[in-house]
Amino acid sequence: MTRASSYRADIQGLRAIAVLLVLLFHFETSLKGGYLGVDMFFVISGFVIASSTLREIDRTDTFSWSAFLHRRVRRLLPGIAVVAVATAILSMLLLSPFGPQKETAKMLLSAASYTSNFILMPQSYFSLDPKANPLLHLWSLAVEEQFYFALPVFLLVVSKFLKSTRLLTPLLIVVFLVSLAASVHQIQIQPMKVFFLTHYRAWELLLGSILALTQRSQPRSIIGNFAGL
(Lines give C-alpha, C1' and ligand atoms only; values in the text may rest on other atoms or scores of the structure.)
Protein backbone atom coordinates (compact mmCIF):
# COMPACT_ATOMS: atom_id res chain seq x y z
CA MET A 1 0.00 0.00 0.00
CA THR A 2 1.40 3.38 -0.92
CA ARG A 3 1.96 6.26 1.43
CA ALA A 4 -0.82 8.24 -0.24
CA SER A 5 -3.39 5.46 0.08
CA SER A 6 -2.69 5.08 3.81
CA TYR A 7 -3.24 8.76 4.56
CA ARG A 8 -6.00 9.36 7.09
CA ALA A 9 -7.49 12.84 7.28
CA ASP A 10 -9.48 11.93 10.39
CA ILE A 11 -6.29 10.83 12.19
CA GLN A 12 -4.63 14.12 11.23
CA GLY A 13 -7.65 15.97 12.61
CA LEU A 14 -7.33 14.14 15.93
CA ARG A 15 -3.62 14.97 16.03
CA ALA A 16 -4.46 18.65 15.54
CA ILE A 17 -6.89 18.54 18.47
CA ALA A 18 -4.30 16.80 20.65
CA VAL A 19 -1.63 19.40 19.78
CA LEU A 20 -3.97 22.28 20.61
CA LEU A 21 -4.97 20.74 23.94
CA VAL A 22 -1.33 20.33 24.98
CA LEU A 23 -0.33 23.82 23.82
CA LEU A 24 -3.25 25.49 25.58
CA PHE A 25 -2.43 23.58 28.77
CA HIS A 26 1.22 24.67 28.75
CA PHE A 27 0.27 28.26 28.00
CA GLU A 28 -1.68 28.04 31.28
CA THR A 29 -5.05 28.87 29.79
CA SER A 30 -8.32 28.01 31.49
CA LEU A 31 -8.69 24.93 29.28
CA LYS A 32 -7.11 22.05 31.22
CA GLY A 33 -7.03 19.39 28.53
CA GLY A 34 -3.29 18.73 28.40
CA TYR A 35 -3.63 15.27 29.93
CA LEU A 36 -6.26 14.31 27.38
CA GLY A 37 -4.06 15.60 24.55
CA VAL A 38 -1.18 13.31 25.61
CA ASP A 39 -3.58 10.37 25.98
CA MET A 40 -4.90 11.03 22.47
CA PHE A 41 -1.35 11.09 21.10
CA PHE A 42 -0.61 7.68 22.58
CA VAL A 43 -3.80 6.11 21.23
CA ILE A 44 -3.19 7.62 17.78
CA SER A 45 0.44 6.42 17.83
CA GLY A 46 -0.66 2.88 18.67
CA PHE A 47 -3.16 2.96 15.82
CA VAL A 48 -0.63 4.26 13.29
CA ILE A 49 2.24 1.87 14.12
CA ALA A 50 -0.07 -1.16 14.23
CA SER A 51 -1.69 -0.21 10.91
CA SER A 52 1.71 0.28 9.25
CA THR A 53 3.15 -2.95 10.64
CA LEU A 54 0.11 -5.03 9.71
CA ARG A 55 0.11 -3.68 6.16
CA GLU A 56 3.72 -4.73 5.75
CA ILE A 57 3.18 -8.19 7.28
CA ASP A 58 0.12 -8.76 5.08
CA ARG A 59 2.01 -7.65 1.97
CA THR A 60 5.39 -9.35 2.52
CA ASP A 61 4.75 -11.92 5.29
CA THR A 62 7.65 -10.37 7.22
CA PHE A 63 8.83 -7.07 8.68
CA SER A 64 11.84 -5.06 7.53
CA TRP A 65 13.65 -3.51 10.48
CA SER A 66 15.99 -1.56 8.22
CA ALA A 67 13.06 0.04 6.39
CA PHE A 68 11.33 0.71 9.72
CA LEU A 69 14.40 2.43 11.17
CA HIS A 70 14.87 4.41 7.97
CA ARG A 71 11.30 5.71 8.21
CA ARG A 72 11.70 6.65 11.88
CA VAL A 73 15.00 8.46 11.25
CA ARG A 74 13.59 10.32 8.25
CA ARG A 75 10.53 11.37 10.22
CA LEU A 76 12.13 12.33 13.54
CA LEU A 77 15.80 13.21 13.05
CA PRO A 78 15.48 16.58 11.26
CA GLY A 79 13.24 18.15 13.89
CA ILE A 80 15.04 16.64 16.88
CA ALA A 81 18.45 17.61 15.47
CA VAL A 82 17.42 21.26 15.13
CA VAL A 83 16.02 21.35 18.67
CA ALA A 84 19.04 19.53 20.14
CA VAL A 85 21.67 21.72 18.45
CA ALA A 86 19.82 24.93 19.36
CA THR A 87 19.41 23.76 22.95
CA ALA A 88 23.10 22.81 23.24
CA ILE A 89 24.30 26.18 21.91
CA LEU A 90 21.89 28.26 23.99
CA SER A 91 22.64 26.28 27.15
CA MET A 92 26.36 27.07 26.77
CA LEU A 93 25.58 30.75 26.31
CA LEU A 94 22.81 31.23 28.86
CA LEU A 95 23.00 28.55 31.56
CA SER A 96 25.34 28.15 34.48
CA PRO A 97 27.95 25.37 34.09
CA PHE A 98 27.39 24.49 37.76
CA GLY A 99 24.33 22.28 37.40
CA PRO A 100 21.97 23.50 34.67
CA GLN A 101 24.37 22.75 31.81
CA LYS A 102 24.97 19.26 33.17
CA GLU A 103 21.22 18.67 33.35
CA THR A 104 20.81 19.85 29.75
CA ALA A 105 23.65 17.57 28.60
CA LYS A 106 21.99 14.63 30.34
CA MET A 107 18.70 15.42 28.63
CA LEU A 108 20.42 15.71 25.24
CA LEU A 109 21.90 12.22 25.65
CA SER A 110 18.58 10.77 26.76
CA ALA A 111 16.82 12.42 23.82
CA ALA A 112 19.28 10.81 21.41
CA SER A 113 18.67 7.38 22.94
CA TYR A 114 14.90 7.79 23.52
CA THR A 115 15.26 7.31 27.28
CA SER A 116 14.04 10.71 28.48
CA ASN A 117 11.18 9.13 30.40
CA PHE A 118 13.64 7.09 32.51
CA ILE A 119 15.80 10.14 33.21
CA LEU A 120 12.84 12.24 34.34
CA MET A 121 10.99 9.51 36.25
CA PRO A 122 12.51 10.04 39.72
CA GLN A 123 11.13 13.58 39.69
CA SER A 124 7.60 14.86 39.61
CA TYR A 125 6.77 16.10 36.12
CA PHE A 126 4.85 18.99 37.62
CA SER A 127 7.81 20.16 39.71
CA LEU A 128 9.96 20.57 36.60
CA ASP A 129 10.23 23.96 34.91
CA PRO A 130 9.73 23.59 31.14
CA LYS A 131 11.18 27.07 30.62
CA ALA A 132 14.50 25.86 32.05
CA ASN A 133 14.38 22.52 30.23
CA PRO A 134 13.31 22.83 26.59
CA LEU A 135 13.72 19.06 26.11
CA LEU A 136 11.21 18.13 28.79
CA HIS A 137 8.50 17.24 26.28
CA LEU A 138 10.59 14.47 24.70
CA TRP A 139 9.56 12.02 27.45
CA SER A 140 6.38 11.17 25.53
CA LEU A 141 8.32 10.57 22.32
CA ALA A 142 10.56 8.16 24.25
CA VAL A 143 7.50 6.21 25.41
CA GLU A 144 6.19 6.01 21.85
CA GLU A 145 9.50 4.87 20.36
CA GLN A 146 9.98 2.18 23.02
CA PHE A 147 6.52 0.86 22.21
CA TYR A 148 7.25 1.14 18.48
CA PHE A 149 10.16 -1.26 18.83
CA ALA A 150 8.18 -3.79 20.89
CA LEU A 151 4.91 -3.98 18.94
CA PRO A 152 6.28 -5.09 15.53
CA VAL A 153 8.21 -7.89 17.26
CA PHE A 154 5.05 -9.04 19.03
CA LEU A 155 2.90 -8.92 15.88
CA LEU A 156 5.49 -10.68 13.74
CA VAL A 157 6.21 -13.43 16.28
CA VAL A 158 2.50 -14.14 16.84
CA SER A 159 1.83 -14.17 13.10
CA LYS A 160 4.71 -16.59 12.45
CA PHE A 161 4.07 -19.01 15.29
CA LEU A 162 0.30 -19.13 14.98
CA LYS A 163 0.35 -19.06 11.18
CA SER A 164 -2.62 -16.72 11.46
CA THR A 165 -3.48 -13.24 12.66
CA ARG A 166 -6.89 -14.19 14.04
CA LEU A 167 -5.64 -14.35 17.62
CA LEU A 168 -3.80 -11.03 17.46
CA THR A 169 -6.79 -9.04 18.68
CA PRO A 170 -7.62 -11.21 21.73
CA LEU A 171 -3.93 -11.40 22.65
CA LEU A 172 -3.55 -7.63 22.44
CA ILE A 173 -6.70 -7.22 24.52
CA VAL A 174 -5.17 -9.42 27.24
CA VAL A 175 -1.96 -7.35 27.27
CA PHE A 176 -4.06 -4.16 27.23
CA LEU A 177 -6.02 -5.31 30.31
CA VAL A 178 -2.83 -6.29 32.17
CA SER A 179 -1.25 -2.89 31.49
CA LEU A 180 -4.44 -1.04 32.46
CA ALA A 181 -4.81 -3.04 35.68
CA ALA A 182 -1.16 -2.41 36.59
CA SER A 183 -1.60 1.31 35.91
CA VAL A 184 -4.74 1.56 38.05
CA HIS A 185 -3.07 -0.41 40.86
CA GLN A 186 0.11 1.68 40.91
CA ILE A 187 -1.35 5.15 40.36
CA GLN A 188 -1.78 5.81 44.09
CA ILE A 189 1.50 4.15 45.04
CA GLN A 190 4.00 5.35 42.43
CA PRO A 191 2.23 7.95 40.28
CA MET A 192 5.38 9.17 38.49
CA LYS A 193 6.22 5.64 37.35
CA VAL A 194 2.72 5.34 35.93
CA PHE A 195 3.14 8.72 34.26
CA PHE A 196 6.53 8.06 32.66
CA LEU A 197 7.05 4.32 32.10
CA THR A 198 6.06 2.59 28.89
CA HIS A 199 4.55 -0.59 30.34
CA TYR A 200 2.11 1.49 32.40
CA ARG A 201 1.28 3.67 29.39
CA ALA A 202 1.08 0.70 27.03
CA TRP A 203 -2.68 0.25 27.46
CA GLU A 204 -3.25 3.57 25.69
CA LEU A 205 -1.04 2.64 22.74
CA LEU A 206 -2.56 -0.86 22.70
CA LEU A 207 -6.04 0.62 22.53
CA GLY A 208 -5.05 2.28 19.26
CA SER A 209 -3.45 -0.96 18.06
CA ILE A 210 -6.62 -2.92 18.80
CA LEU A 211 -8.67 -0.36 16.88
CA ALA A 212 -6.28 -0.80 13.94
CA LEU A 213 -6.77 -4.56 14.02
CA THR A 214 -10.56 -4.25 14.00
CA GLN A 215 -10.39 -2.03 10.90
CA ARG A 216 -7.99 -4.14 8.84
CA SER A 217 -10.54 -5.34 6.32
CA GLN A 218 -12.82 -2.32 6.36
CA PRO A 219 -12.53 0.12 3.45
CA ARG A 220 -11.99 3.75 4.29
CA SER A 221 -15.18 5.76 3.97
CA ILE A 222 -15.80 9.33 2.88
CA ILE A 223 -17.24 9.93 6.35
CA GLY A 224 -13.84 9.24 7.90
CA ASN A 225 -12.12 11.68 5.57
CA PHE A 226 -14.75 14.35 6.17
CA ALA A 227 -14.35 13.85 9.94
CA GLY A 228 -10.76 15.05 9.56
CA LEU A 229 -12.07 18.57 9.19
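The values are calculated or read from the model by the stated rules, or taken from the named source; none is laboratory data. Remember, it's a predicted structure, so these values are computed and weren't measured experimentally. Every residue, glycine among them, receives a Cβ derived from its backbone with ideal geometry; neighbour counts consider all protein chains shown. Areas reflect the complete protein model, heavy atoms only, side chains present, ligands, DNA and RNA absent. Shrake-Rupley method; radii C 1.70, N 1.55, O 1.52, S 1.80 Å.
Structure data summary
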read-out	value
Apportionment of accessible area to carbon and sulfur, segment 31-187, percent (1.4 Å)	72 percent
Heavy atoms of D58 accessible to a 1.4 Å probe, total area in Å² rounded to 10	100 Å²
Helix-only mean residue ellipticity at 222 nm for the chain, each DSSP H run of n ≥ 4 adding -39500 (n - 2.57), per residue, nearest 500	-24000 deg cm²/dmol
Within a Gaussian network of the chain (alpha carbon springs, distance under 10 Å), most fluctuating of W139, W203, W65	W65
Angle in degrees between helix 9-26 and the longest Cα principal axis of the chain, rounded to the nearest 10	20 degrees
Option label - Cα Rg over 2.2 N^0.38 Å computed here, alternatives (i) 1.24; (ii) 1.45; (iii) 1.09	(iii)
Nearest 10 degrees, 0 to 90: helix 168-186 Cα axis against the chain principal axis	30 degrees
DSSP loop trypsin sites (Lys or Arg not before Pro) with at most 15 other Cβ within 10 Å: longest gap in the chain	33-130
Residue order for M107, M121 - accessible surface, 1.4 angstrom probe, largest first	M121, M107
